[in-house]
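Undergrad: My questions will all concern the structure given below.
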Amino acid sequence: MTEHVRAVHPEPDMVQLLTPEGQRVEHPDYPLEITDDEIAALYRDLVLVRRIDTEAIALQRQGELGLWASLLGQEAAQVGAGRALKKHDMAFPTYREHGVAWCRDVDPLALLGLFRGTNLGGFSPHEHNFNNYTIVIGAQTLHAAGYAMGVVRDGAVGTGDPERDTAVLAFFGDGASSQGDVNESFVFAAAGNLPVVFFCQNNQWAISEPVTTQSRVPLYKRASGFGFPGMRIDGNDVLASLAVTRKALNDARNAQGPTLIEAFTYRMNPHTTNDDTRRYRLGSEAETWKLKDPIARVKAYLLREANVGTEFFAELEQESKKLAEHVRAGCRALPNPTPESVFQNVYVDAPDELLKQRGEFVDFVSSIEEVNA
Amino acid sequence: MTARTMAKALNEGLRKAMEDDPKVLIMGEDVGKLGGVFRVTDGLQKDFGEDRVIDTPLAESGIIGTAVGLAMRGYRPVCEIQFDGFVFPGFDQIVSQVAKMYNRSAGLVKMPITIRIPFGGGIGAVEHHSESPEAYFAHTAGLKVVACSNPSDAYWMIQQSISSDDPVIFFEPKRRYHAAKSEIDPEPYPLHQARVVRPGRDVTLLAYGPMVAMALESAAAAAEDGQELEVIDLRSISPLDMPTVLESVGRTGRLIVVHEAPHSFGVGAEIAARVQEQAFYSLEAPVLRVSGFDTPYPPSRLENEWLPNIDRILDAVDQSLGY
């Protein structure tokens, strides 16, 4: 266990722009011009995203969700990256990117269907430029590389037109870094100089397996072997995440090729609501990370350094309560799938055999319902 | 029109699809400069450029996974898997992503991807180069699976598959690539419709891909003994064209399914199940299967015996007629 505890200490080359105590610090490579109002807006994102997560966990405890994958502790990494995206950029999430979904204007309710068992996706990837959650570990990194291949072929990279040049952001975790698909996506991205940014949230744990099970080197160093830059950021620092992702996305849009960002963070909660961390990690580890909370440091900054009044925090609390009510009531109101819906959208052009099965299943279910009635 | 080989017909079909739709891309290993190890994509990169005919890294999951992303961006990728036995590194992306994305997204994200797979044996190849994995894909909801057997079908079916908004696994019988030349039909036949390629009244032989030629040869041999075998080229494995099969079985009362793939849990099993469900009283004999065996593909010196051949097919015909 001691070696895992050691892993939580950041490396000296980790990019940090806001310390856990809420002090703004500068980094020579990542100057960040940001107003206090903009930092307050990020704070709002962080608070609301955490509220969504808290409500979803409660809903799972009440039996309203079958499962939930909590993002607690990873809000800053996700909000920073999410707010670095332009509207026309495309992002490919895992199943834990609730914070990025928030930044892509996906209604939190649209995320719940997957976990409640009422649908498999829940929102339009095209409308939000944010793909549906991908559960197979690492598979989406190849989709991101392929999408970036399309961007290149559309001539939407390196034109200098900010409305046209497009970047792609691929999310994955420390566990996924071992997957073939992730490594293949690095190969495709490097060989094709693709406008894709790989955003790895190293939250230290792949369910029960520590990062040391996945890698002997810091994950960001993997990039050099593939021939593109990699860097580590303080994943609990929303400003570092914003600045570094913004720079990497800009490089991608400007035809400078891919970047790997390792956001060094911590999964404060179990892997999902079904997981039990007591079997594999020390509680003291989470206690250490609590001191680096991604939200507390922004609040400390706003209270101490910025001209943000108490009214702001009071209004945000009201907004958070409203959002929670929206999530709670909306979750319970999510429509159950109908028997015939499972046959829909299997094919664009459905075969006769499938239509026959649909007819038989629908008739059978309704006949049983009639008997029961 | 002049007669051409299946490889050439596929090449021309791909060329036509690329001319008709600028979103059609070809991607795979050695498909560019080399023109593919079977020369099916010969000359296409020269004419359409490296952006549309893409020599990919050697990573099948990468080929399929990036095709998914390209499809999301509005492209129509045609992926070449170099040999049947090499599709498995890409199996996860095919089964879990290509097949399911449309459903997961509630019909909002289409996957118009064609995956070309040279399949089957009979060419004296080494391990992993002679397999028939079609049943894996036919078993997966969301995929369509077809197999061409002759140059004209190859020319038309590849274009129909590429224009399909559903993903299509396109099996090409590699032993037929350069086997025989024939003319291209002036009009396409429906992609998912089976075709009676030799009428007969005694027994129905059902085959697809490389086994259609074998079934026709068997029927010609049987005709010398006075047996009239009907041969159906199935063409589409998923969906299955049962009306054509049932119509034939209704007349002959006897059905033999021929495929190179192993015996159990395969296309033959599915057809046998459906025929007994839907044409039980038409049957004069059990549905029989002539197939590979439930073993790994054999060393090539044994493949002509291991694969369905005329002797094994005619033996099954005798069995069927013996009931």
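Undergrad: A:His143 fails exactly one of the following numbered conditions: (1) more than 14 Å from the chain's Cα centre (by Cα); (2) surrounded by 24 or more Cβ atoms within 10 Å (Cβ to Cβ); (3) more than 13 Å from chain B (Cβ to nearest Cβ). What is the number of that condition?
TA: (3)
Undergrad: What's the number of the condition A:Ile57 fails, among (1) more than 14 Å from chain B (Cβ to nearest Cβ); (2) surrounded by 22 or more Cβ atoms within 10 Å (Cβ to Cβ); (3) of a type in the set (A, V, I, L, M, F, W, C)?
TA: So the condition that A:Ile57 fails would be (2).
Undergrad: Just checking, how many residues over the range B:158-176 are under 30 Å from B:Asn103 (Cα atoms) and part of a helix (DSSP H, G or I)?
TA: Number satisfying all stated conditions: 6.
Undergrad: Checking the structure you have, find out if any residue of the range B:36-51 is in contact with a helix residue (DSSP H, G or I) (Cβ under 7 Å, 6 or more places away or on another chain), within 17 Å of B:Pro167 (Cα to Cα) and open to solvent by less than 40 Å² (accessible area, probe 1.4 Å).
TA: Taking every residue of the range B:36-51 in turn, none turns out to be in contact with a helix residue (DSSP H, G or I) (Cβ under 7 Å, 6 or more places away or on another chain), within 17 Å of B:Pro167 (Cα to Cα) and open to solvent by less than 40 Å² (accessible area, probe 1.4 Å).
Undergrad: Another question about this same structure. Which members of the range A:72-100 meet the condition of being over 16 Å from A:Tyr43 (Cα atoms) and either touching a Cys at 6+ places or on another chain (Cβ under 6 Å) or not charged (D, E, K, R) (or both)?
TA: A:Leu85, A:His88, A:Met90, A:Ala91, A:Phe92, A:Pro93, A:Thr94, A:Tyr95
Undergrad: Looking for something touching a strand residue (DSSP E or B) at 6+ places or on another chain (Cβ under 6 Å) and among the hydrophobic types (A, V, I, L, M, F, W, C) - is there at least one such residue anywhere in the range B:178-187?
TA: Within the range B:178-187 (the criterion being touching a strand residue (DSSP E or B) at 6+ places or on another chain (Cβ under 6 Å) and among the hydrophobic types (A, V, I, L, M, F, W, C)), the answer is no, since none of the residues qualifies.
Undergrad: With respect to the numbered conditions (1) of a type in the set (Gly, Ala, Ser); (2) within 14 Å of chain A (Cβ to nearest Cβ); (3) within 13 Å of the chain's Cα centre (by Cα), which one is the sole condition not fulfilled by B:Ser164?
TA: (3)
Undergrad: Taking only pairs six or more apart or across chains, which ones have beta-carbon atoms under 6 Å, a first residue in the range B:83-110 that is closer than 21 Å to B:Phe171 by Cβ, and a second residue that is open to solvent by 10 Å² or more (accessible area, probe 1.4 Å) and of a type in the set (D, E, K, R)?
TA: B:Asp84/B:Glu131; B:Gly85/B:Glu131; B:Phe86/B:Glu60; B:Pro89/B:Glu60; B:Gly90/B:Glu60
Undergrad: Something else now. Hey, B:Lys110 hits all of (1) assigned to a helix (DSSP H, G or I); (2) among the basic types (Lys, Arg); (3) within 13 Å of another protein chain (Cβ to nearest Cβ) but one; which does it fall short on?
TA: Of (1) assigned to a helix (DSSP H, G or I); (2) among the basic types (Lys, Arg); (3) within 13 Å of another protein chain (Cβ to nearest Cβ), only one is false for B:Lys110: (1).
Undergrad: What pairs can you find where one residue is in the range B:129-140 and over 24 Å from A:Leu354 (Cβ atoms), the other is part of a loop (DSSP other than H, G, I, E, B) and open to solvent by 40 Å² or more (accessible area, probe 1.4 Å), and their Cβ atoms are less than 8 Å apart, with a gap of 6+ or different chains?
TA: So the pair list comes out as B:His129/B:Ile123; B:Ser130/B:Ile123; B:Ser130/B:Tyr297; B:Glu131/B:Tyr297; B:Ser132/B:Pro262.
Undergrad: Right, here's the next one. Could you identify the single residue in A:Glu340, A:Glu360 that is of a type outside the set (S, T, N, Q), within 14 Å of another protein chain (Cβ to nearest Cβ) and under 17 Å from B:Ala141 (Cα atoms)?
TA: Unique residue meeting the criteria: A:Glu340.
Undergrad: Mind listing just one residue for me: the one in the range A:107-135 that is buried (at least 22 other Cβ atoms within 10 Å of the Cβ) and away from chain B (no Cβ under 13 Å) and, of those, farthest from A:Gly82 (Cα to Cα)?
TA: A:Arg116
Undergrad: For residues that are over 18 Å from B:Pro243 (Cα atoms) and charged (D, E, K, R), scanning just the range A:350-373, find the one that is surrounded by the fewest Cβ atoms within 10 Å (Cβ to Cβ).
TA: A:Glu370
Undergrad: Further, regarding this structure: Which one is surrounded by the fewest Cβ atoms within 10 Å (Cβ to Cβ) among residues in the range B:87-107 that are facing another protein chain (nearest Cβ under 10 Å) and not in a helix (DSSP H, G or I)?
TA: The residue in question is B:Gly107.
Undergrad: Taking the residues in the range B:68-86 that are among the charged types (D, E, K, R) and more than 8 Å from every other protein chain (Cβ to nearest Cβ) as candidates, determine which candidate is farthest from A:Thr134 (Cα to Cα).
TA: Only one residue tops the list, namely B:Asp84.
Undergrad: Scan (1) of a type in the set (Val, Ile, Thr); (2) modelled with pLDDT of 95 or more; (3) under 30 Å from A:Arg281 (Cα atoms) for the single condition A:Thr35 breaks and write down its number.
TA: The failed condition is (3).
Undergrad: So is A:Ala300 at pLDDT 95 or above, surrounded by 13 or more Cβ atoms within 10 Å (Cβ to Cβ) and within 14 Å of chain B (Cβ to nearest Cβ) or not?
TA: Answer is no for this residue.
Undergrad: Any idea which of (1) over 18 Å from the mean Cα position of the chain (by Cα); (2) surrounded by 23 or more Cβ atoms within 10 Å (Cβ to Cβ) is the one B:Val78 doesn't satisfy?
TA: Single failed check for B:Val78: (1).
Undergrad: Does A:Arg246 satisfy being at pLDDT 95 or above and not in a strand (DSSP E or B)?
TA: Yes.
Undergrad: Another one. In the list B:Tyr136, B:Tyr155, which residue meets the criterion of being assigned to a helix (DSSP H, G or I) and either within 10 Å of another protein chain (Cβ to nearest Cβ) or closer than 30 Å to A:Ile135 by Cβ (or both)?
TA: B:Tyr136
The values are calculated or read from the model by the stated rules, or taken from the named source; none is laboratory data. What you see is a predicted model, and the numbers here were worked out from it, not measured in a lab. Glycine also receives a Cβ, built like all others from the backbone with ideal geometry; neighbour counts cover every protein chain displayed. Note: areas computed on protein heavy atoms with side chains; ligands, DNA, RNA excluded. Shrake-Rupley method; radii C 1.70, N 1.55, O 1.52, S 1.80 Å.
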